[in-house]
1. State the number of residues belonging to the stretch A:59-84 that are surrounded by fewer than 21 Cβ atoms within 10 Å (Cβ to Cβ), within 14 Å of chain B (Cβ to nearest Cβ) and of a type in the set (Lys, Arg).
2. More than 14 Å from chain B (Cβ to nearest Cβ) and either closer than 18 Å to A:Lys220 by Cβ or buried (at least 24 other Cβ atoms within 10 Å of the Cβ) (or both): is that true of A:Asn203 in this structure?
3. Do we have B:Glu166 as surrounded by fewer than 17 Cβ atoms within 10 Å (Cβ to Cβ) and touching a residue at least 12 places away in the same chain (Cβ under 8 Å) here?
4. Quick one: B:Leu237 ticks every box in (1) more than 26 Å from A:Tyr423 (Cβ to Cβ); (2) in a loop (DSSP other than H, G, I, E, B) except a single one, so which number is it?
5. Output the residues belonging to the stretch A:130-162 that are of a type in the set (Ser, Thr, Tyr) and surrounded by fewer than 24 Cβ atoms within 10 Å (Cβ to Cβ).
6. Quick check on this structure: which one of A:Gly342, A:Gly310, A:Gly416, A:Gly325 is at positive phi and either in contact with a strand residue (DSSP E or B) (Cβ under 6 Å, 6 or more places away or on another chain) or not hydroxyl-bearing (Ser, Thr, Tyr) (or both)?
7. What are the residues in the stretch B:212-234 that are assigned to a helix (DSSP H, G or I) and closer than 18 Å to B:Val55 by Cβ, if any?
8. Which residues, taken from the stretch A:194-229, are of a type in the set (Asp, Glu) and touching a residue at least 12 places away in the same chain (Cβ under 8 Å)?
Protein chains: 2
Amino acid sequence: MSRRERIYLSVEEMPKYWYNVLADLPFQLDPPLNPQTREVLKPEELGAIFPQPLVEQEVTTERFIKIPKKVFDEYAVFRPSPLIRASNLEEYLETPAKIYYKYEGVSPTGSHKTNTSIPQAYYNMISGTKTLVTETGAGQWGTALSYAGLKFGLNIEVYMVKTSFEQKPMRKLIINFFGGKVSPSPSLNTEFGKKMLDIDRENPGSLGIAISEALEEVFKKDNAKYALGSVLNHVLLHQTIIGLEIKKQFEKINIKPDVIIGCHGGGSNLGGTILPFIPEKLSGEKIEFLACEPKSCPTLTEGEYRYDNGDTAGLTPLMMMYTLGKEFIPPKIHAGGLRYHGSAPIIAKLKHENMLNAIALDQEETFEAARIFSKLEGIIPAPESSHAIAGAIREAIKAKENKEEKVIVFTLSGHGLLDLTAYA
Amino acid sequence: MSRRERIYLSVEEMPKYWYNVLADLPFQLDPPLNPQTREVLKPEELGAIFPQPLVEQEVTTERFIKIPKKVFDEYAVFRPSPLIRASNLEEYLETPAKIYYKYEGVSPTGSHKTNTSIPQAYYNMISGTKTLVTETGAGQWGTALSYAGLKFGLNIEVYMVKTSFEQKPMRKLIINFFGGKVSPSPSLNTEFGKKMLDIDRENPGSLGIAISEALEEVFKKDNAKYALGSVLNHVLLHQTIIGLEIKKQFEKINIKPDVIIGCHGGGSNLGGTILPFIPEKLSGEKIEFLACEPKSCPTLTEGEYRYDNGDTAGLTPLMMMYTLGKEFIPPKIHAGGLRYHGSAPIIAKLKHENMLNAIALDQEETFEAARIFSKLEGIIPAPESSHAIAGAIREAIKAKENKEEKVIVFTLSGHGLLDLTAYA
């Protein structure tokens, strides 16, 4: 076996179904509630902002959902993504552990976000949507949705957290390159944005605020729907393509992972990575899941487990999750994509049921991880993804101390080429 | 065979030797001349600016040069690079041609330039060099050399053409991220830079000027050498890894290319792509080579074939090449990497001997090619590489008109994520 092992799958080997963990979880998720009445939300209420097929995917308990042919063909432009052994990193750490990473930066927009932007744009297209409105933190999601919108002929409007908008000028360029429109949030386009700016003209923005603005925009427009890049069940469903591929790739080399790691913002790349391994865990296999989040936005490690809105204005349904409070405005940290007050209900429940561990890492440790990784492995990671690298390094050092030949795998959710200003 | 065919090689299959076309050319290259005496340059004169192993590679006629183990290991961090069938592009063009592209954007710095920056840094390191000084146009080369310098512990100083420096702020960030130092050229660091700025304070710079500044810097410093990212024989030699891999990849699927295409600036990615196929061409196989250059810097299509300096100040040896004249200051076009007044002597000779065709493409056609390619193939190409795409599109349309099932391959020398401002 080569030291620079890279495990590829052919397009024929790419999974043809997404995996729906709701079919297998040994517990029920607490249902989303109507934010006004606090009554259990009816699926049709979601229909105001999402197209029917996505509403169905949000609640179904069917185990496997077929990937539509047009979505499969668009996945095939860049997927399957490679699983790569980080041999140089292993050597540098002098660890007996084997470290693998699933590299999602091969996507057209450089992150895992296209895995869900493509099906979301597709289902909106077949449902007659003309305009998709969304928010974006670091810009990865807005970029991915613009690319998908171009594919399926939708107008894309993006509210981008103002700090990130200013820190990352390239993001605007690439969103425009794909034909999308982007405004810094809070903006003067919406009543809620104006209100926020009235209170504090220097408001740096947050995902919660941007979601509120996007929703307000959806309600104003004809044939407009909303798209969310993380948190929801259907988003995590689409992202399971990551973990399903990882499984196949490990089968090819006859290895089983012991620790599976992802960075955690809203939970989509983490969920996509670990959920396909839930059946193994439930069947008693010794397999650990680790969420890595920033110390400055420690949702899973320090948040409360309770119902909260997904946005700041309180327009979204109430969801049961770990939350720092919907008014939480995270500091201007660099991993803009991880600055979210809440978490995916599925991820929150797994954490609450002790099926998932979470750690919080500070900026210094993650930056150092990014620096080492860039030098050794030749990829500049996205600041978000660096949290997963830092987590993997901690696990590899632990394995060294305990003299354990563990197999560690993490998802490198994207490259950092469009976010270099964050490292400057 | 899948429509989204991607041909991978394992690290074990990566070529272990570079191919030196000087062993096989049926004609002699005209030798470089001393710029003062106009006498044939002695190899030892090159020793003032290049380390001994590179001087030897510049003149050797040995057919295969072994890739040193440390260089091979660093190549293996990202190589072999994939050969990808552009199925969506074929379908869009309704061409009977098969279009493949060799994707060099998987390199750590996003272009083919690391193929030579790594061996150049390596040979300098083993020869005792402490500082490597260079110039860069669009920034690809300066970035690649900084990465390689970090690997082998060298200080890297880069003179970057001022227009590009201003258009591409990300380049400075990434060069600094890898520990390199970069100055816009013309600069006040050197006498020649000062002279240029005295004449015209608004001088936008050119590769020729930047080379002059870099050379002046080398002569001032102890243990400093110069590194060139294109033009020279040893640079093209290192780049043959591209074409050697392409050959192996086509052998795997039992196909032979009919037309091989590269964009042309100084000639390194074009040379690296086509030179390994020269033996086939000499043995009578029907195989065409096509150089694609910008209309605004039409070296091969409109330049004169004569001796000229590689730089503006006239410090470099005189080389026999197509040239627009060393004082040529190209307009501020976007493909900064292609704005060079001269060409590689090997490429120039092939063109002069009618073994290579060249076409010049305008900005509109190449930008449109980039836009279509991004949408269909999910990769935003570097502005330089877009010239090769535009050339491939022309060939595919010709094949359609002639109803020929040609196999077209081009090198996509890099992605454009760090150069988005050029498209703005």
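The values are calculated or read from the model by the stated rules, or taken from the named source; none is laboratory data. Everything numeric here is computed off the predicted structure, so don't read it as measured data. Note that we place each Cβ from the backbone using ideal geometry, even for glycine, and neighbour counts take in every protein chain shown.
1. Of the residues in the stretch A:59-84, 2 are surrounded by fewer than 21 Cβ atoms within 10 Å (Cβ to Cβ), within 14 Å of chain B (Cβ to nearest Cβ) and of a type in the set (Lys, Arg).
2. Working: more than 14 Å from chain B (Cβ to nearest Cβ): yes; either closer than 18 Å to A:Lys220 by Cβ or buried (at least 24 other Cβ atoms within 10 Å of the Cβ) (or both): no.
So A:Asn203 does not fit the description; no.
3. On the way: surrounded by fewer than 17 Cβ atoms within 10 Å (Cβ to Cβ): yes; touching a residue at least 12 places away in the same chain (Cβ under 8 Å): yes.
It is true that B:Glu166 is surrounded by fewer than 17 Cβ atoms within 10 Å (Cβ to Cβ) and touching a residue at least 12 places away in the same chain (Cβ under 8 Å).
4. (2)
5. If we filter the stretch A:130-162 for residues that are of a type in the set (Ser, Thr, Tyr), which is where we start, we get A:131, A:134, A:136, A:143, A:146-147, A:159.
Listed by number, the list holds a single entry, A:Thr131.
6. Working: A:Gly342 fails: at positive phi; A:Gly310 fails: at positive phi; A:Gly416 fails: at positive phi.
Of the residues listed, the single one that is at positive phi and either in contact with a strand residue (DSSP E or B) (Cβ under 6 Å, 6 or more places away or on another chain) or not hydroxyl-bearing (Ser, Thr, Tyr) (or both) is A:Gly325.
7. Step one: of the stretch B:212-234, the residues assigned to a helix (DSSP H, G or I) are B:212-220, B:233-234.
Scanning the stretch B:212-234 gives B:Ala214, B:Leu215, B:Val218, B:Phe219, B:Asn233, B:His234.
8. Applying the first criterion (of a type in the set (Asp, Glu)) to the stretch A:194-229 yields A:198, A:200, A:202, A:213, A:216-217, A:222.
Those that are of a type in the set (Asp, Glu) and touching a residue at least 12 places away in the same chain (Cβ under 8 Å): A:Glu213, A:Glu216, A:Glu217, A:Asp222.
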